[in-house]
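Remarks on the structure that follows.
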Protein chains: 2
Amino acid sequence: MDFKVAARDNRSSARAGILTTAHGAIETPIFMPVGTAGSVKAVHQRELESDIKAQIILSNTYHLYLRPGIEILQKAGGLHKFIGWKKPILTDSGGYQVYSLAENRKILQEGVAFKSHIDGSPHTFTPEVVIDIQRVIGADIIMAFDECTPYPCEYGYARTSLELTHAWLTRCVARMDSTSAPYGYEQSLFPIVQGSIYSDLREKSAEFIAAQGQPGNAIGGLSVGEPHEEMYAMTELVCGILPADKPRYLMGVGTPENILECIALGVDMFDCVMPTRNARNGMLFTTQGIINIRNEKWKDDLSPLDEALGGYASTFYSKAYLRHLVINKEILGAQIATLQNLTFYLWLVGEARRKVTEGTFAEWKNKMVKVVAQRL
Amino acid sequence: MDFKVAARDNRSSARAGILTTAHGAIETPIFMPVGTAGSVKAVHQRELESDIKAQIILSNTYHLYLRPGIEILQKAGGLHKFIGWKKPILTDSGGYQVYSLAENRKILQEGVAFKSHIDGSPHTFTPEVVIDIQRVIGADIIMAFDECTPYPCEYGYARTSLELTHAWLTRCVARMDSTSAPYGYEQSLFPIVQGSIYSDLREKSAEFIAAQGQPGNAIGGLSVGEPHEEMYAMTELVCGILPADKPRYLMGVGTPENILECIALGVDMFDCVMPTRNARNGMLFTTQGIINIRNEKWKDDLSPLDEALGGYASTFYSKAYLRHLVINKEILGAQIATLQNLTFYLWLVGEARRKVTEGTFAEWKNKMVKVVAQRL
């Protein structure tokens, strides 16, 4: 894995880079559509590639481990082949899902014991197990097994949790180093900075993570309910410590506004369920702002969803038709809204990249954060 | 509207025709995907055209009248423009839905009073109202308002109901003749033969319908629970009476086997929710037979869904992946299965047409009915 910074904005910490993986190059900043169980919901693989122009997708270790299970993934030769996606894949370690979905979870030094949210069956995730699973999934980017602290989180808990996350990271690194990639292509580990909203813990964690010398680094435990100012402050602090010559990935963030602000702080990679999940509830992200398509005002608006964005869903279908589909719970409503939102998210990070390259990012960002956040 | 029979099978009553409408020509025999509320469920309009190769779709007067409502359809310039579909559309009259979905329905000589299944609001459908709505929808083919008798149905009820259906037809024809097409292009009325499973009623009805001299004719009230032999017997009887120079449409039929058998009896047009509805439950129709993809046996079958069929969904996705999606209730599962089933249905009628043209339909049909009905 190789990362080159191709351009820097001189009025912010934004940069444009190229991250090269065994499954191709990714132009950063980038947004990674979430395909939790091996499918970006309501989107065909060819749409992901040709309409949305996704360059990398994210999938989830916890979900894939439970279903379809690693035996089938191994037989298929990895997730890329199982789902038919030739570009890079990043897998979340499952840490977050074990805390948010699984039942009867018990966090020990060794790892986490939990029961499946599907059938109640007992399982244990340790740093070693989680690396092994991600090896078999065949992820290009493997995330370290961590504890994602909730918000609010007491200082004492955050500090103890951070020690556990760091201890687990050491074991993840050791496991990565002592195992090889099952399908022959390179797989890279990204460690994760934690520390809740405490500056000293974040600083300590960022230094520990930076010292690992891994090909990329992530910031976790944000966008879990804290005020945006806290999120931005922690991101800025951590980006200042993480190495500038490695990609920085801010996990689970966020709104179009959040993404633009965090690009300005030096983040290169993002993922979030918002564009896909909110699409299924009728919330559209567009170049003009946010639309709740269920609103009566769109009832007879026969104009295209987002003419300025371009592309199939945005120009072919009208607001009135999409509203009709969403109100009627038609599957096509989820399909169209998801295409719109993901196409917009990928367009947004692509535009940010172009502006960095052109040297006009800061002005554009300051104008754009207002546009993308307004309710239409 | 123009119908030309291009070829006839000499060992059955099958024929290959071309039905020309204002929105283009349809090669018969044809299957019409069902887009009840203006969307063929889980399918983008471009997929309907390019992957499935649908030549005409069916939509529903009852559903469209309730939502989005005729005002919006009128403002859009008709359903074609509202949904973005340039090829022909046939609308069911809503008769069947008034009986099967609406509440508190009351059948009177004048029409049917009912309450909406959505919000309980009161409405009345008369033959005149139903023609007017279909005019505004802009359907190329408008179906007459009829009573679809259930199965089983007592002779006395079937006879009285048939009289009502015929009286309503006379009013539908009068309304068609006294109104004009709102968007300038031609709209044609298809009357519907009823009569349950009683030969004398079917005969009487077919003669009455044939005498109307409309551009096409339909057979209703079948595939409502009667044995297949009854359905075939009634279809054969009616096809023998309906004019040979007009298309014959068998409503709501059916399985691939039913369709092949009824093509052999002289039917030209079909519609059925089976390929779309069953897709969403994981039932696949393929060139090799029927697959219940939820079955354990497909768990690690990494072969394509239906290599012989060709096309995107059938060759790109594996059985194991589709099973995983369906088990996980992923929307993409419904999308893939629907593409598979509709592509297969359209392929099947296309093949039937080719065999009629080549003069080998009967042998092919006798072999094929066994293949398509077998469980894999």
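Assorted remarks:
- Test: B:LYS329 is without any contact (Cβ under 8 Å) to a residue 60 or more places away in the chain, within 11 Å of another protein chain (Cβ to nearest Cβ) and on the phi > 0 side of the Ramachandran plot: yes
- Every residue from the range A:17-42 that is under 15 Å from A:LYS246 (Cβ atoms) and surrounded by 17 or more Cβ atoms within 10 Å (Cβ to Cβ): A:GLY17, A:LEU19, A:THR21, A:ILE26, A:THR28, A:PRO29, A:ILE30
- Of everything in the range B:54-77 that is over 13 Å from B:GLY35 (Cα atoms), aliphatic (A, V, I, L, M) and in contact with a helix residue (DSSP H, G or I) (Cβ under 8 Å, 6 or more places away or on another chain), the residue that is farthest from the other protein chains (Cβ to nearest Cβ) is B:ILE70.
- One residue stands out in the range B:305-325 among those that are within 28 Å of the chain's Cα centre (by Cα), of a type in the set (Gly, Ala, Ser) and in a helix (DSSP H, G or I): the one that is farthest from the other protein chains (Cβ to nearest Cβ), namely B:SER314.
- All of A:ALA264, A:ALA233 fail the test of being buried (at least 22 other Cβ atoms within 10 Å of the Cβ) and within 21 Å of the chain's Cα centre (by Cα), apart from A:ALA264.
- Screening B:ASP51 against (1) surrounded by fewer than 23 Cβ atoms within 10 Å (Cβ to Cβ); (2) more than 14 Å from chain A (Cβ to nearest Cβ) leaves a single unmet condition, (2).
- Helices (runs of 4 or more DSSP H) fully within the range B:186-285 counting 1 or more residues that are touching a strand residue (DSSP E or B) at 6+ places or on another chain (Cβ under 7 Å), within 23 Å of B:VAL349 (Cα to Cα) and at pLDDT 95 or above: B:228-241, B:256-264, B:274-280
- Residue list for the range B:332-348, restricted to those being among the aliphatic types (A, V, I, L, M), within 14 Å of another protein chain (Cβ to nearest Cβ) and within 16 Å of B:PHE270 (Cβ to Cβ): B:LEU342
- Matching option when the condition is in contact with a helix residue (DSSP H, G or I) (Cβ under 6 Å, 6 or more places away or on another chain) and charged (D, E, K, R), among A:ARG175, A:ARG135: A:ARG175
- When the test is whether a residue is surrounded by fewer than 19 Cβ atoms within 10 Å (Cβ to Cβ) and among the β-branched types (Val, Ile, Thr), B:ILE70 passes it.
- Test set (1) crowded, with 17+ Cβ neighbours inside 10 Å; (2) more than 20 Å from the chain's Cα centre (by Cα); (3) hydrophobic (A, V, I, L, M, F, W, C); (4) closer than 19 Å to B:LEU332 by Cβ - A:ILE118 fails condition number: (1)
- Number of the exception - A:GLY289 against (1) within 14 Å of chain B (Cβ to nearest Cβ); (2) in contact (Cβ under 8 Å) with a residue 40 or more places away in the chain; (3) not β-branched (Val, Ile, Thr): (1)
- Residue tally, condition modelled with pLDDT of 95 or more and within 15 Å of the chain's Cα centre (by Cα), over the range B:94-115: 0
- Output for the range B:1-48, where each listed residue is within 14 Å of another protein chain (Cβ to nearest Cβ) and among the charged types (D, E, K, R): B:LYS41, B:ARG46, B:GLU47
Yes or no, residue by residue, for (1) surrounded by fewer than 22 Cβ atoms within 10 Å (Cβ to Cβ); (2) in contact with a strand residue (DSSP E or B) (Cβ under 8 Å, 6 or more places away or on another chain); (3) assigned to a helix (DSSP H, G or I):
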site	(1), (2), (3)
B:LEU332	no, no, yes
B:THR338	no, no, yes
B:PHE344	no, yes, yes
B:THR357	yes, yes, yes
B:ALA362	yes, no, yes
B:ASN366	yes, no, yes
B:VAL372	yes, yes, yes
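- Among the residues making up the range B:79-123, those that are closer than 14 Å to B:SER39 by Cα and within 14 Å of another protein chain (Cβ to nearest Cβ) are B:LEU79, B:HIS80, B:LYS81, B:PHE82, B:ILE83, B:GLY84, B:TRP85, B:LYS86.
The values are calculated or read from the model by the stated rules, or taken from the named source; none is laboratory data. A quick note: this is a predicted structure, and the numbers were derived from the prediction, not measured. Glycine gets a Cβ as well: all are built from the backbone with ideal geometry, and neighbour counts include every protein chain shown.
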